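The next block holds one structure in the form of C-alpha cells; read it before the comments.
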Amino acid sequence: MKINVNGNEYEIKGASGKTVLEACADIGVNIPNLCYSKNLGLLSSCRACVVEIEGRWNLVPACGVNIADGMIIKTNSPRVLDARKTVLELLLSDHELDCLKCSRTSDCRLKKASEDAQCDAKRFARDKEFVTVDQKNDYIRRNPNKCIMCGRCVKVCAIHQQVDVLAVNGRGFESTVGVAWDKELGSVPCITCGQCVANCPTAALEEAQATNRHDHLQLLKEKIADDKTHVIIATAPSTRVAIGEGFGMKSGTNVQGKMVTALKKLGFDRIFDLNLAADFTIMEEGVEFISKLDNWEGEVKTLFTSCCPGWINYVTMMHPDLIPNISTTKSPQQIFGALAKTYYADKIDIEPKNIFMVMLMPCVTKSSEANRKGIDANSRIKDVDMVVTVREMIRLIKESGIDFKNLDDGKYDDPMGLSSGAGLIFGTTGGVTEAALRTVCEHIMGKKMENIEFHDLRGEKGIKVANVRDLKDKNGNNIRAAVVSGITNAERVIQDIKSGYEHYHYVEVMACPGGCVNGGAMPAHDAIIQDNFGNARNRSKTIYNMDQYNNLRRSHENPVVKQIYDEFLGKPNGKKAHELLHTTHTPRKKYN
Amino acid sequence: MGDLTVTKSAFKKRITNEPSILTALQQAQEVYGYITPDAVAVVADVFEVSQSRVYSTATFYHQFTFAPRGKHVISVCMGTACYVLGAQEILNAIEDELGIKAGGVTTDGLFSIEHNTRCVGDCASAPIVIIGERWFNKTNTTKMLAVIRKIKKDEQEGAQ
C-alpha cells in the first residue's frame with residue numbers, strides 16, 4: 001500500500017488495519033500522541049495527533065483513522081502545527097506546572113510534546129484552584145491537577161485488570177478520574193497492581209508509600225548516611241533489564257553490572273540479588289506442590305502461586321474461597337527480608353534492628369506487601385523496611401550525579417549474591433512455573449530432564465498451558481500447569497477451574513500483563529508510540545538469554561541455597577523453613 | 001422526599017428487572033430521594049459491575065443528586081427559551097427568598113433548588129418553573145414568590 005506523507009511517497013508493508021499514527025511511526029514521522037497506547041485500543045481523547053488528510057475538510061486524529069491506498073497525509077502543514085499547538089496549550093491551561101520537581105519530568109509525554117511544539121503554557125491559563133484528594137493511605141497517588149483525561153488508566157483497569165475501580169466522575173470541565181464517592185483507592189477493590197501508573201502519560205498517577213511521611217526517599221538517604229545502620233538492598237529479577245531505560249538505553253538492555261555499581265556508589269553497604277530468594281521460593285513451593293498434589297480436600301485441586309502481591313490482593317478480595325489453594329510460600333521479597341534479618345544478621349553479627357532492608361522493585365504494590373499484617377516472621381521486626389521502585393531509583397541515581405551509562409560492571413556481594421537462571425526468569429510471565437518445574441521434576445521427583453526449557457510457557461499470551469509428561473498425579477494424568485498474566489485472564493482461568501471445564505494442577509498468576517517485566521513502576525519509555533507490551537517483550541527476551549548463558553540454571557543446584565538450608569534452615573518445608581519462609585492469607589473486604 | 005427506611009433487599013427486588021443501570025438509578029432517586037451509597041452498592045451488585053462504574057454513570061447525569069433533597073424540589077428551567085424570557089431573574093429571586101443557592105437545601109429541609117435544570121421541553125410556555133410535580137407555565141418572579149410563600153405557610157400550619 002502506498003501513502004504520501006508530507007510530499008513523499010512511502011510503501012507500507014503489512015498495512016491492513018494500520019492507523020495513520022502507526023504507519024507514520026514506521027516510516028520515522030513523529031506525530032505527538034498522549035492517549036494512544038498500542039495495548040489499549042482506541043481512545044482518541046487527547047487530539048494531539050491531529051493531521052490533515054486530502055479530501056477531508058476537517059483535521060482528523062491520526063490514531064483513529066486507518067490508512068488507505070493513495071492517502072495523502074500532512075503532518076507538518078501550518079494548519080496542523082497550529083492546531084496541535086493549540087490543543088497542547090489547552091491541555092496545559094489547567095495543568096499543574098511544577099515540572100522541575102515533578103517525578104515524571106524526564107519522561108512526561110505532555111512535556112515532551114509541548115516542548116517540541118514550543119507551546120506557551122500560559123496562553124490559556126486561568127486562575128484555578130487545585131484539587132486535593134485525601135489519599136494518605138494509598139499506594140497509588142492520584143493528582144487530578146496533572147490529569148489530561150486521556151482515559152488510559154480507566155481503560156487498563158477495566159479491560160486488562162477488570163477490577164474497574166477507576167472511572168470518570170462528573171461531566172465536562174469538572175470531570176475527574178476517581179473512584180466511587182471520590183474516596184481513597186483503599187475504599188474500593190483496587191488491587192494496586194499499578195497498571196494505571198504504567199499507562200499514565202503524565203504524573204497524574206504515581207506510586208506512593210501509603211504513609212503520612214511524604215518523602216520516603218529522604219528517609220532512605222538519611223539511613224544510608226547513618227553509620228550505625230547497615231543498609232542492604234536486593235534487586236528484583238526484572239530490574240536489571242529495565243533500569244537502563246531511564247538513562248536513554250534501549251528497552252531490554254542488560255545492565256546488571258552497572259546497576260550494582262550504581263547502587264554501591266549510592267552508598268548501600270551490601271548489594272544482594274533477589275534471585276537468590278526466588279530460588280528459595282522454588283524450593284519451598286516445589287515441595288509444597290508435591291506434598292499437596294494428591295491431597296486436596298476441597299473441590300478445587302489447584303495450587304496457585306503467591307509471589308505477586310497484586311494477585312494476592314485480588315484473590316483474597318474476590319475469591320476468598322480459594323485461599324486454601326494459594327501457596328503459603330512467601331514471595332521472594334519477603335523470603336529475602338526474613339533471611340536477611342536472621343541468617344545474614346547472625347552471620348555478620350549485627351543486631352537485626354540495625355539492618356535496614358531495602359528492595360528494588362518494578363512494582364507499585366510490593367510496598368503494600370511489605371506492610372501486610374502477619375507477613376513478618378517476627379512481629380517485632382519488619383523484614384522489609386522499604387521498597388524503592390525502579391522509577392524512584394532512576395531519580396536517586398540521577399540526583400547523585402552518577403554517570404550510569406559509563407559505569408563499570410560490578411558484582412553482587414557475598415553471601416547472598418549468587419543465584420540461578422531459574423531465579424532470574426521469575427521476572428517474566430511463565431518464569432515461576434518454568435523454574436518450579438525444573439526443580440520439581442529433577443530434584444524432588446528425581447527424574448533427569450534433557451530439556452529444561454518450557455517453550456509452551458514463554459511468550460506474551462495471557463493464558464499459557466503446559467502438559468508435563470515427566471510428572472504425573474496419582475491417577476496417572478500428566479501434570480497440567482497454567483501460566484496467567486493480567487487479572488482478566490486470571491478470572492477466566494478461575495471460572496474454568498470452578499466450573500470444572502478445565503483442570504490445572506498448578507497455576508501461576510501475575511497481575512501485570514506480561515509479568516514483572518511490565519510492572520507498574522517500570523520506567524516510562526520515551527517512544528513515538530507507547531507500547532508497554534513491546535518493552536516487556538524486549539525485557540523478557542533478555543532475561544531468557546541471560547538464563548540460557550547461566551551455568552547455574554536450577555534453583556536446587558545453587559550452592560548458596562544448599563548452604564543456607566544445611567547451616568540454618570534444615571529441610572524445605574521443615575519447621576524452621578515454615579516459620580520464616582511461609583505465611584498465611586486472610587480474606588479482605590471489597591468495599592470499606 | 002424519599003423514604004430512607006426502604007431496605008437494601010426491598011430495593012434490590014424492585015430493580016431486579018430494570019433493563020439498565022440508568023433506569024435502576026432513576027428508581028433509586030425516586031425511592032430514596034437521592035443516590036445513596038447503599039443504592040449504588042445494590043445497583044452494582046445487580047448489574048455485576050463495580051461501584052465506581054455505577055457512581056461514574058450517575059455523576060454524568062444532572063437528574064441524579066447525591067445528598068438529600070428538600071421536600072419541595074424547585075427546578076427553574078434554564079433552556080434557551082426560558083432563559084431569554086427571564087429565567088435567571090426568577091432563579092435569583094427564589095434563591096434570595098429561600099436563602100440558598102441552586103443545588104442547596106434549606107436548613108429545615110423543606111425546599112431545594114435543582115442545580116442546572118436544562119430544557120424541560122415545553123418552550124412554548126416559557127418561562128417554566130417546576131415545584132415537585134406542579135408545572136408553572138408562562139410564570140414570572142412575582143407569581144413564583146407568591147407560590148413559594150403559600151407553600152411555606154401551608155407547611156407551617158400543617159406542622160402546628
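Among the listed residues A:Asp473, A:Asp409, A:Asp403, identify the single one that is over 26 Å from the mean Cα position of the chain (by Cα) and open to solvent by 10 Å² or more (accessible area, probe 1.4 Å).
Only one candidate qualifies: A:Asp473.
Please list, ordered by first then second residue, the pairs with beta carbon atoms under 8 Å, 6 or more apart or interchain, first in region A:393-405 and closer than 11 Å to A:Phe247 by Cα, second among the hydroxyl-bearing types (Ser, Thr, Tyr) and not in a helix (DSSP H, G or I).
Listed pairs, sorted by first residue: A:Arg395/A:Ser103; A:Lys398/A:Ser106.
Condition first: touching a Leu at 6+ places or on another chain (Cβ under 9 Å), within 26 Å of A:Arg47 (Cβ to Cβ) and either of a type in the set (A, V, I, L, M, F, W, C) or within 13 Å of chain B (Cβ to nearest Cβ) (or both). Now tell me which residues in region A:150-173 satisfy that. Can you show your working first?
Of region A:150-173, the ones touching a Leu at 6+ places or on another chain (Cβ under 9 Å) are A:150-160, A:165-166.
From what is left, the residues that are within 26 Å of A:Arg47 (Cβ to Cβ) are A:150-160, A:166.
Of everything in region A:150-173, those that are touching a Leu at 6+ places or on another chain (Cβ under 9 Å), within 26 Å of A:Arg47 (Cβ to Cβ) and either of a type in the set (A, V, I, L, M, F, W, C) or within 13 Å of chain B (Cβ to nearest Cβ) (or both) turn out to be A:Cys150, A:Gly151, A:Cys153, A:Val154, A:Lys155, A:Val156, A:Cys157, A:Ala158, A:Ile159, A:Leu166.
Can you tell me which residues in region A:74-112 are assigned to a helix (DSSP H, G or I), at pLDDT 95 or above and small (Gly, Ala, Ser)?
A:Ala83
Being within 14 Å of another protein chain (Cβ to nearest Cβ) and among the polar types (S, T, N, Q) narrows it down to one of A:Thr176, A:Thr202, A:Thr192, so name that one.
When all the criteria are applied, what remains is A:Thr176.
Which condition number does A:Glu129 fail, the rest of (1) open to solvent by 50 Å² or more (accessible area, probe 1.4 Å); (2) of a type in the set (Asp, Glu); (3) not in a loop (DSSP other than H, G, I, E, B) being met?
Status for A:Glu129: all satisfied but (3).
Are any residues in region B:20-45 in a loop (DSSP other than H, G, I, E, B) and either in contact with a Leu (Cβ under 8 Å, 6 or more places away or on another chain) or modelled with pLDDT of 95 or more (or both), and if so, which ones?
B:Ser20, B:Gly33, B:Ile35, B:Thr36
Within the group A:Arg492, A:Arg480, which residue is surrounded by 15 or more Cβ atoms within 10 Å (Cβ to Cβ) and at pLDDT below 95?
So the residue among A:Arg492, A:Arg480 that is surrounded by 15 or more Cβ atoms within 10 Å (Cβ to Cβ) and at pLDDT below 95 is A:Arg480.
Among A:Gly28, A:Gly41, A:Gly7, A:Gly14, which is the only one that is open to solvent by less than 40 Å² (accessible area, probe 1.4 Å) and at positive phi?
From the options A:Gly28, A:Gly41, A:Gly7, A:Gly14, the qualifying one is A:Gly41.
Residue check: is A:Arg171 without any contact (Cβ under 8 Å) to a residue 60 or more places away in the chain and not acidic (Asp, Glu)?
When the stated conditions are applied, A:Arg171 passes them.
Within region A:426-465, which residues are farther than 24 Å from A:Cys512 by Cα, touching a residue at least 24 places away in the same chain (Cβ under 8 Å) and among the aliphatic types (A, V, I, L, M)?
A:Val440, A:Ile444, A:Met445, A:Ile452, listed by residue number.
Would you please name the residue that is farthest from A:Cys441 (Cα to Cα), looking only at residues in region A:496-529 that are part of a helix (DSSP H, G or I) and open to solvent by less than 10 Å² (accessible area, probe 1.4 Å)? Working first, answer last.
Keep residues of region A:496-529 that are part of a helix (DSSP H, G or I), which gives A:496-498, A:516-518.
Now drop any that are not open to solvent by less than 10 Å² (accessible area, probe 1.4 Å), which leaves A:517-518.
Details: A:Val517: 26, A:Asn518: 29 Å.
Step by step, filter region A:496-529, then rank; the result is A:Asn518.
Could you tell me whether region A:530-553 includes any residue that is within 25 Å of A:Asn199 (Cβ to Cβ), within 26 Å of the chain's Cα centre (by Cα) and part of a loop (DSSP other than H, G, I, E, B)?
Yes, the conditions are met somewhere in region A:530-553.
Restricting to region A:209-252, and then to whatever is at pLDDT below 95 and hydroxyl-bearing (Ser, Thr, Tyr), can you tell me which residue is surrounded by the most Cβ atoms within 10 Å (Cβ to Cβ)?
Here the answer is A:Ser251.
Which condition number in (1) more than 13 Å from chain B (Cβ to nearest Cβ); (2) modelled with pLDDT of 95 or more; (3) surrounded by 13 or more Cβ atoms within 10 Å (Cβ to Cβ) is the one that A:Gln118 fails?
(3)
Considering only residues that are open to solvent by less than 50 Å² (accessible area, probe 1.4 Å), touching a residue at least 24 places away in the same chain (Cβ under 8 Å) and either touching a His at 6+ places or on another chain (Cβ under 8 Å) or within 14 Å of chain A (Cβ to nearest Cβ) (or both), which ones fall in region B:29-46?
Within region B:29-46, B:Tyr34, B:Ile35, B:Thr36, B:Ala39, B:Ala41, B:Val42, B:Val43 qualify.
If you go through region B:58-97 one residue at a time, how many are open to solvent by 60 Å² or more (accessible area, probe 1.4 Å), within 14 Å of chain A (Cβ to nearest Cβ) and not in a loop (DSSP other than H, G, I, E, B)?
So the count comes out to 1.
The values are calculated or read from the model by the stated rules, or taken from the named source; none is laboratory data. Keep in mind it's a predicted model, so treat the numbers as computed, not measured. Glycine gets a Cβ as well: all are built from the backbone with ideal geometry, and neighbour counts include every protein chain shown. These area figures cover heavy atoms from the full protein model, side chains too; ligands, DNA and RNA do not enter into them. Shrake-Rupley method; radii C 1.70, N 1.55, O 1.52, S 1.80 Å.
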